[in-house]
Amino acid sequence: MSDAGVRRATDQVPAPTSGTGPGTAAGVVPGAASGGSGAAGPRPGVGSSGEGAVTVRGTRRAGEERTADDGGSSGPTSSGPNDPAPTGSGPADPRAARRRAELRAARITAGATELEQRLADLLRGGLAAAEEEGYGLWEETAARMVDAQAPGLAARVRELGAIPGSGPGWPARLLEECALLHLLDRGWLRHGDLPDGLAATVRSRIGLPASPAGPPVRDRWLVLAQYDTQDSRLTTRRIWLHGTESGRTALVLSYGGGGRAPELSLPVGLALDAETVAYPGAGQLRVALGERFSAPGPAPIRPPGGGPAEAAARYGEALRDDPWLDAHPVTLRRVVPVPAGEGSWQLADADGDLALPVTPAAGTRPGLWRLVALSGGAPVTVFGECGHRGLAPLTAWPEGTGEAVALC
């Protein structure tokens with residue numbers, strides 16, 4: 001699986017592009033067509049619309065991350081009739097808590113076993129049956145996973161239901177997503193045999209709650225990006241940080257329910273002195289923001305970065321640790337946004353002949369035009385999330401001096 005993930009990521013770096021080399025890229029007038037699409041291949045679980053793809057994937061990601069929060073309050077954590085009763089306002093009872101955790105694990109195991117059987121039946125009967133059965137087949141299966149208290153599995157099953165209507169090539173996309181779901185299923189059923197880090201990742205993807213457990217890391221953190229995603233119940237704010245001394249990239253999540261905005265807000269481009277504590281899991285970048293020793297302030301700091309090949313390689317390495325990863329944060333240095341035909345865009349290496357495609361969803365947002373205006377045909381530094389459909393630019397810095405420009 002890891003090899004396949006690396007292979008898929010590497011495939012995102014287009015072959016040497018005609019018209020996107022250093023000299024040509026710098027001279028391209030935004031809006032003019034150039035050769036080579038550089039677009040990533042279709043992705044299972046998403047429709048032919050790139051915007052829709054982000055909505056579906058964003059919903060799943062928000063759900064999985066939310067249920068990995070302390071307490072997992074948004075997940076289906078209601079107790080069953082045989083569960084030990086919660087202790088109410090009194091002191092926590094470790095034995096009762098352990099008993100509840102064991103009962104939930106048993107339910108998830110039963111649900112994962114049932115899901116394995118349903119996937120086997122689907123493949124035995126042929127993928128064409130998925131189109132004939134319609135969305136009801138997946139919704140009923142997802143409901144079974146909710147009953148099994150496995151919200152991560154339920155979210156992925158619901159996503160499968162959208163694939164048969166996603167246009168040509170859907171059987172291949174459905175098969176690939178079924179394989180990832182099967183991998184997660186088997187990971188849970190054998191999680192006792194997995195290394196600690198990978199087992200923690202599997203528990204997180206299943207939807208079990210987790211708490212930050214690493215040692216505090218104090219650093220001067222540069223705010224790389226901040227943006228919100230929403231579902232029917234919750235607004236999730238994702239804040240990317242770069243540790244100027246540790247060199248680490250970290251993700252802070254903040255939530256707002258009932259239509260309220262998340263409380264935590266950090267201006268992009270500013271830096272603050274603070275401690276963070278990491279969440280468990282192989283390759284996991286999520287942290288909890290701890291004590292803050294200074295307010296965010298201006299800082300002439302820019303994150304280190306590389307070219308398109310290095311970005312794709314980092315995404316591949318991240319997939320090796322977490323095969324269910326949607327995207328990985330990367331910084332591209334000295335790239336130029338150039339049109340790639342049919343409304344798509346690339347970020348071309350100003351000093352080489354490679355480029356990364358901009359995701360179709362990002363290509364329809366106003367932020368792309370801010371990026372094009374900031375560049376004006378000159379190289380810029382871009383921070384974004386690199387995934388199987390390309391890179392979603394989030395923040396950019398001009399060549400030379402200049403402040404960060406938020407693109408989302």
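The values are calculated or read from the model by the stated rules, or taken from the named source; none is laboratory data. This is a predicted model, so every value here is computed, not measured. Neighbour counts run over all protein chains shown; Cβ positions are idealised from the backbone, glycine included. Side chains are part of the model used for accessible areas, which takes the heavy atoms of the whole protein and leaves out ligands, DNA and RNA. Shrake-Rupley method; radii C 1.70, N 1.55, O 1.52, S 1.80 Å.
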Scan region 200-213 and tell me whether some residue there is in contact (Cβ under 8 Å) with a residue 12 or more places away in the chain, in contact with a strand residue (DSSP E or B) (Cβ under 8 Å, 6 or more places away or on another chain), over 17 Å from L325 (Cα atoms) and exposed (fewer than 14 other Cβ atoms within 10 Å of the Cβ).
yes
Going through region 160-169 in order, the residues found to be closer than 20 Å to W324 by Cβ and open to solvent by 10 Å² or more (accessible area, probe 1.4 Å) are G161, A162
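A quick yes/no check of all residues on (1) small (G, A, S); (2) at pLDDT 90 or above:
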position: V146; (1), (2): no, yes
position: R156; (1), (2): no, yes
position: P164; (1), (2): no, no
position: G167; (1), (2): yes, no
position: L180; (1), (2): no, yes
position: L183; (1), (2): no, yes
position: R186; (1), (2): no, yes
position: L208; (1), (2): no, yes
Looking across region 214-227 at residues that are surrounded by fewer than 18 Cβ atoms within 10 Å (Cβ to Cβ) and at pLDDT below 95, the single one that is nearest to W324 (Cα to Cα) is G214
With respect to R238, determine if the residue is closer than 30 Å to L181 by Cβ and not β-branched (V, I, T).
yes
Can you pull out the residues in region 313-330 that are open to solvent by less than 20 Å² (accessible area, probe 1.4 Å) and touching a residue at least 60 places away in the same chain (Cβ under 8 Å)?
Y315, G316, L319, D322, P323, W324, D326, P329, V330
Residue that is touching a residue at least 12 places away in the same chain (Cβ under 8 Å) and either farther than 16 Å from C178 by Cα or of a type in the set (D, E) (or both), where the choices are E159, E140, E133:
E159
Among the numbered criteria (1) modelled with pLDDT of 80 or more; (2) in contact with a helix residue (DSSP H, G or I) (Cβ under 9 Å, 6 or more places away or on another chain); (3) hydrophobic (A, V, I, L, M, F, W, C); (4) open to solvent by less than 40 Å² (accessible area, probe 1.4 Å), which single criterion is violated by L137?
(4)
E310 open to solvent by 40 Å² or more (accessible area, probe 1.4 Å), over 30 Å from A155 (Cα atoms), part of a strand (DSSP E or B) and of a type outside the set (A, V, I, L, M, F, W, C):
no
